[in-house]
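The values are calculated or read from the model by the stated rules, or taken from the named source; none is laboratory data. What you are looking at is a predicted structure, and each value in this text was computed from that prediction instead of being measured. Backbone-built Cβ (ideal geometry, glycine too); neighbour counts: all protein chains shown. Areas reflect the complete protein model, heavy atoms only, side chains present, ligands, DNA and RNA absent. Shrake-Rupley method; radii C 1.70, N 1.55, O 1.52, S 1.80 Å.
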Amino acid sequence: MAANSTSIRPFGIKDKLGYMFGDFGNDFTFILSSMFMMKFYTDVMGIPGGLVGLLMMAARFVDAVTDVTMGQIVDRSKPTKDGKFRPWLKRMCGPVAIASFLIYQSAFADMAYGFKVFWMFFTYILWGSIFYTSINIPYGSMASAVSSDPTDRAELSTWRTIGATLASLVIGVGTPMFAYEVVDGATVLSGTKMTIIAGVFGICAIVCYLLCFNLVRERVEVPQNTTKLNPGAMLKSIFTNRALLGIIAAAIMLLLGQLGMSGMQPYIFPVYYGSAKAQSMASLISSIAMLVICAPLAVKLAAKFGKKELSVASCLFGAAAWFVCLVLRPENPMVFVAFSTLAMIGLGFFNTVIWAMITDVIDDAEVRNGVREDGTIYSVYSFARKLGQALSAGMIGAVLTAIGYTGEVAVNPTAHPEVLEGIFNWSCLIPGVGLVLVALALLFIYPLNKKRVEANVAELKSRRGE
């Protein structure tokens with residue numbers, strides 16, 4: 001334990017609420033990007049979806065450097081009076097919020113095409129590859145320093161998911177209500193309103209990050225990593241870590257499915273069903289289901305059956321809901337919302353415990369290698385999530401281009417029935433297939449079942465004399 005742990009209050013509700021606010025802050029910019037950036041640039045800025053997706057994917061090559069670099073910076077930084085990870089929340093909350101706001105500048109809609117492409121790429125890199133990385137990696141790594149108890153960490157994972165769910169509730173429900181307007185009978189996105197919304201959400205993100213900084217405390221000493229950096233050894237450690245590779249594969253598939261559905265929502269609801277209200281209802285009901293069903297039960301079920309075991313079963317349940325929806329093809333948008341909610345409950349259990357699974361991976365690596373590398377492991381995982389985000393954007397852009405979607409379809413959807421059919425099919429297939437692949441990755445690659453996790457915790461306690 002940290003040397004000054006006796007002067008720090010015990011782990012409790014303040015830490016849980018603070019950690020919740022941290023992910024709330026993250027998702028004010030992350031969820032906004034995953035749900036509305038593609039829609040903003042296709043419909044407001046006039047850039048084809050395929051190019052938007054391609055540029056978002058290209059940005060991930062930058063992340064391959066910045067994420068791991070930030071992980072190394074965190075691991076090699078000296079703890080301060082505020083801890084090793086918390087100070088980054090205060091340092092970077094302003095820059096990440098401003099960069100997110102700059103992405104959605106509708107005043108540039110009439111600028112030259114080349115400038116708009118440059119602006120999208122520049123601001124997206126600035127936000128995601130630099131500033132979001134510099135705050136998200138310390139925040140995620142901080143969980144293992146808040147408490148060494150696996151139950152406490154599972155609680156932090158649950159409260160982090162609650163924060164993400166609340167952010168999804170605010171963004172997913174509120175944004176469609178204010179960002180869309182009806183023009184000649186069609187539901188279209190307002191660029192001016194999106195700019196205002198991005199600014200408001202940026203301010204909210206700053207407030208949430210500062211609440212996290214003030215409420216959370218670090219109790220476990222994570223010493224500065226002073227070993228000489230050996231990139232070859234680091235890469236070997238990463239690529240021989242089966243637990244890390246398994247959770248990376250699962251995360252990429254999860255993001256492909258989850259963000260694929262989020263990215264398709266601005267097309268399936270306002271365009272296919274002609275109802276922005278249904279998009280808000282989908283986010284509202286799914287968020288309520290996460291808070292009422294997944295959050296209270298996930299820790300208990302994971303403690304009884306294991307986090308891996310729970311996640312495999314729940315993801316297969318979610319996939320089944322999407323495939324049934326694809327076959328039945330409901331005409332009523334609220335029936336589609338019902339299937340979406342069932343699927344979200346399925347992936348919700350995995351989403352609730354996944355952050356605790358990362359600490360399990362960090363523990364497993366320490367047991368095997370004798371070195372604690374919270375920042376490095378979390379940064380690699382963070383990069384995998386960004387890769388999943390980028391691949392989902394690229395996939396959505398490619399799908400929209402392949403089925404012939406343009407801004408004209410949003411203005412006059414009934415004139416393009418073949419495009420509408422493609423929107424529906426892919427809105428079910430993308431998340432359905434993604435969840436099946438998540439379950440397979442956990443089942444056949446990820447080795448940390450309940451028995452092994454408990455053995456690792458006992459081994460580390462013994463080494464630390466706890």
With criteria (1) farther than 28 Å from Pro447 by Cβ; (2) free of Cβ contacts under 8 Å to residues at least 60 places away in the same chain; (3) crowded, with 24+ Cβ neighbours inside 10 Å; (4) among the hydrophobic types (A, V, I, L, M, F, W, C), Val337 comes up short on (3)
Quick check, is Leu229 at pLDDT below 90, closer than 30 Å to Arg91 by Cβ, out of contact with any strand residue (DSSP E or B) (no Cβ under 6 Å at 6 or more places or on another chain) and not in a strand (DSSP E or B)? yes
Filter region 289-315 for residues that are more than 30 Å from Pro447 (Cβ to Cβ) and either at pLDDT 90 or above or aromatic (Phe, Trp, Tyr) (or both); the one that is most open to solvent (accessible area, probe 1.4 Å) is Val292
Which condition breaks for Leu448 when tested against (1) within 24 Å of Leu460 (Cβ to Cβ); (2) open to solvent by 20 Å² or more (accessible area, probe 1.4 Å); (3) under 26 Å from the mean Cα position of the chain (by Cα)? (2)
So which pairs qualify, if the first residue must be in region 225-249 and farther than 17 Å from Thr359 by Cβ and small (Gly, Ala, Ser), the second must be at pLDDT 65 or above and surrounded by fewer than 17 Cβ atoms within 10 Å (Cβ to Cβ), the Cβ gap must be under 9 Å, and the two must be at least 6 apart or on different chains? Ser237/Asn369; Ser237/Val371; Ala249/Leu440; Ala249/Ile445
Across region 434-466, which residue is modelled with the highest pLDDT among those that are more than 26 Å from Ala319 (Cβ to Cβ) and part of a loop (DSSP other than H, G, I, E, B)? Gly465
Helices (runs of 4 or more DSSP H) contained in region 130-190 and holding at least 3 residues at pLDDT below 85: 150-179
Identify all residues within region 340-364 that are open to solvent by 10 Å² or more (accessible area, probe 1.4 Å), in contact with a Gly (Cβ under 9 Å, 6 or more places away or on another chain) and over 21 Å from Cys428 (Cβ atoms); write none if there are none. Trp355
Looking at Ser106, Ser141, Ser147, Ser157, can you tell me which residue is open to solvent by 20 Å² or more (accessible area, probe 1.4 Å) and either under 27 Å from Glu221 (Cα atoms) or touching a residue at least 12 places away in the same chain (Cβ under 8 Å) (or both)? Ser106
Just checking, does region 365-380 include any residue being in a helix (DSSP H, G or I), surrounded by 24 or more Cβ atoms within 10 Å (Cβ to Cβ) and charged (D, E, K, R)? yes
Given the structure, is Ala398 free of Cβ contacts under 8 Å to residues at least 24 places away in the same chain, in a helix (DSSP H, G or I) and surrounded by fewer than 19 Cβ atoms within 10 Å (Cβ to Cβ)? no
Scan of region 48-68 for residues that are assigned to a helix (DSSP H, G or I), open to solvent by 20 Å² or more (accessible area, probe 1.4 Å) and touching a residue at least 24 places away in the same chain (Cβ under 8 Å), ordered by number: Gly50, Leu51, Leu54, Leu55, Met57, Ala58, Val62, Ala64, Thr66, Val68
Quick one: in region 213-226, of everything that is open to solvent by 70 Å² or more (accessible area, probe 1.4 Å) and outside any helix (DSSP H, G or I), which residue is modelled with the highest pLDDT? Arg217
How about region 265-276: which of its residues are open to solvent by less than 10 Å² (accessible area, probe 1.4 Å), in contact with a Leu (Cβ under 9 Å, 6 or more places away or on another chain) and not β-branched (Val, Ile, Thr)? Pro266, Tyr267, Pro270
May I ask you to verify whether Thr414 is open to solvent by less than 10 Å² (accessible area, probe 1.4 Å) and either in a helix (DSSP H, G or I) or in contact with a Pro (Cβ under 9 Å, 6 or more places away or on another chain) (or both)? no
